[in-house]
Amino acid sequence: MNIPPIPNGNSLNTLAGELPNVPNANPMAAIQSMNANILQLIAVLRLDPIRVANGRASSDTPIRYPPPFVAGGALPSTPAEARNLSGTACTAALDALAGAPGLPPLPANPTAAMCKAHLLGYLGIFP
């Protein structure tokens, strides 16, 4: 397989050959793992424009969510609605966002305030 050069002039094949010779090491598995990490980082970086838009939005502007999530059901529609969620509703919203890129897990036994801060912070909405 011929892999095109990356910006510094090396190719992934060359980089794979430079990996340390560790017994039972699989350079391609290491490269695949790095690729998965890069794809995850790209998904998280795509949240920044969404967070900026939500942070600059007025209280009645529709909230933007990362694809494929949309407002409705457990997910609040506006920043005002998100700020006024109860603890139970906030937990339901976070559950609805399960699997969203860059959504860190809640700490054990979170309070309602912690849930709300977690949701608002993830979406880029100021309290």
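Do we have any residue at all in segment 56-63 that's in contact with an Asp or Glu (Cβ under 6 Å, 6 or more places away or on another chain), at pLDDT 95 or above and open to solvent by less than 40 Å² (accessible area, probe 1.4 Å)? Quick ask: steps written out before the conclusion?
Initial filter on segment 56-63 (in contact with an Asp or Glu (Cβ under 6 Å, 6 or more places away or on another chain)): none.
Checking segment 56-63: not a single residue is in contact with an Asp or Glu (Cβ under 6 Å, 6 or more places away or on another chain), at pLDDT 95 or above and open to solvent by less than 40 Å² (accessible area, probe 1.4 Å).
Within segment 83-94, identify whether any single residue is aliphatic (A, V, I, L, M) and under 21 Å from LEU45 (Cα atoms), and answer yes or no. Full working, then the answer.
Initially, segment 83-94 is screened for residues aliphatic (A, V, I, L, M), giving 85, 89, 92-94.
Cutting the leftovers down to under 21 Å from LEU45 (Cα atoms) gives us 94.
There is at least one residue in segment 83-94 that is aliphatic (A, V, I, L, M) and under 21 Å from LEU45 (Cα atoms).
For ASN54, all conditions in the list (1) over 14 Å from the mean Cα position of the chain (by Cα); (2) not in a helix (DSSP H, G or I) hold save one; what is the number of the exception?
Result: ASN54 passes all but (2).
Is there any pair linking a residue in segment 99-113 that is over 15 Å from ARG46 (Cβ atoms) to one that is loosely packed, with under 15 Cβ neighbours inside 10 Å, with Cβ under 6 Å and at least six apart or on different chains, and which?
Note: pairs meeting the criteria are ALA112/GLY87.
Residues in segment 36-55 that are surrounded by 12 or more Cβ atoms within 10 Å (Cβ to Cβ) and either among the charged types (D, E, K, R) or in contact with an Asp or Glu (Cβ under 6 Å, 6 or more places away or on another chain) (or both): how many?
Qualifying residue count for the region: 2.
Filter segment 70-91 for residues that are in a helix (DSSP H, G or I), surrounded by fewer than 16 Cβ atoms within 10 Å (Cβ to Cβ) and modelled with pLDDT of 95 or more; which is nearest to the chain's Cα centre (by Cα)? Quick ask: steps written out before the conclusion?
Let us first name the residues in segment 70-91 that are in a helix (DSSP H, G or I), namely 79-83, 87-91.
Filter again for surrounded by fewer than 16 Cβ atoms within 10 Å (Cβ to Cβ), leaving 80, 83, 87-88.
Subsequent filtering for residues that are modelled with pLDDT of 95 or more retains 80, 83.
Working: ALA80: 23, ARG83: 21 Å.
Only one residue tops the list, namely ARG83.
The values are calculated or read from the model by the stated rules, or taken from the named source; none is laboratory data. Model, not experiment: these values are computed from the prediction. Note that each Cβ is placed from the backbone with ideal geometry, even for glycine, and that neighbours are counted across all protein chains shown. Areas reflect the complete protein model, heavy atoms only, side chains present, ligands, DNA and RNA absent. Shrake-Rupley method; radii C 1.70, N 1.55, O 1.52, S 1.80 Å.
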